[in-house]
Amino acid sequence: MATQTLDQPKTPRGLSRFLPILAWLPTYDRAWLVTDILAGLTLWGLLMPEGMAYAGIAGLPAEAGLYTLVASLLVYALFGSSRHLSVGPTSATAALIASTVITLGVSPDDMGTYQAHAIALVLVIAVIFLAAGLAKLGWVTQFLSKPVMDGFVMGLAIFVAVGQLNKLFGVEKGNGNVFEKFFTVIRQLPEANWAAFAIGALSLALLFLLPRWNKKIPAGLVVLFGSIAISTVFNLNAAHGVEVAGVLPQGLPALSLPQVSWGAVAAMVGP
């Protein structure tokens, strides 16, 4: 019986262990460039509306989601080792950022302080993840059972859904836990903005129905640009009081360290 020895993948050495791009970029086939650009544009179309939505869940301006989206993809291109992994902001991290910063006693109404604490929290998490990666602690995730993960996902879904109800009905967002926020919205239903509800309900319907009709249509992008067009044509903000994101700032913000007390940083690390 004939046998064949399969070539073992080469183990990255030197600097390429930490910068995998140094290993694959010299051997990159230029024939892939056009399809890779198309794939990048497709990914942009899918992730851009998601990034803006996740920024809202985190209590941050819409442009924060766009900055995060671009930065995460560029950084992963340098340090990532898998061509099949998709990276970017998620609803889980957005919700956890919001709940953690609010727990520190920072109100989203004070956006400058809120943003500073959110950025500091992300930097603290990055340091912890970097240390865990260097210590090769990935095996710890094997002890997270399926019921634990299912419970986390279900709780997260309820947290995010309740947190967006006030935007759906165009009413004030309550404070406190999930139940308090839910009943705050319910009590305000007589004063609901039904124009905002109509836009939200139509957007949800399109997000559910478009993929069933044609999976090639980017439902999130259609909803995003469709909402912008409707808001502009019918002047929903001025005529009907529908809250809009407004004009997003152009360019990138200046690099600076967040102005946060060491006490707040210590509280982020642990009790």
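Some points to look at:
- For the chain, the relative contact order works out to 18 percent when only alpha carbon pairs closer than 8 Å and six or more residues apart are counted.
- Candidates Tyr114, Tyr28, Tyr76, ranked by Gaussian network fluctuation over the chain, Cα under 10 Å, top entry: Tyr28
- Annotation: lysines with alpha-carbon distance below 21 angstrom to Lys136 (same-chain offsets under eight excluded): Lys10.
- For the chain, the longest principal axis of the C-alpha atoms and the axis of helix 194-213 are separated by about 30°.
- Computing Rg and the Kirkwood Rh from the Cα coordinates of region 57-119 gives a ratio, Rg/Rh, of 1.05.
- For the residues Ala92, Ala55, Ala71, a GNM of the chain with alpha-carbon springs under 10 Å puts the largest fluctuation on Ala71.
- Sorting 217-223, 198-204 by their mean Cβ neighbour count within 10 Å, with the most densely packed peptide first, gives 217-223, 198-204.
- Average projected area [Cα convex hull, the chain], square nanometres: 21.7 nm²
- With the convex hull of its Cα atoms as the shape, region 138-266 has an orientation-averaged projected area of 13.8 nm².
- Largest mean-square fluctuation among Thr93, Thr141, Thr35, in a Gaussian network model of the chain whose springs join Cα atoms under 10 Å apart, belongs to Thr141.
- Each helix, a run of at least 4 DSSP H residues, gives -39500 (n - 2.57); summed and divided by the residues of the chain, these come to -20000 deg cm²/dmol at 222 nm.
- Under 23 Å from Lys173, Cα to Cα: lysines that are on another chain or at least 8 residues apart: Lys181
- For region 136-206, alpha-carbon Rg over 2.2 N^0.38 Å: 1.53
We did not get these values from a lab; they are worked out from the coordinates using the rules stated. Keep in mind that this is a model prediction, so the values were computed, not measured. All Cβ positions, glycine included, derive from the backbone under ideal geometry; neighbour counts span all protein chains shown.
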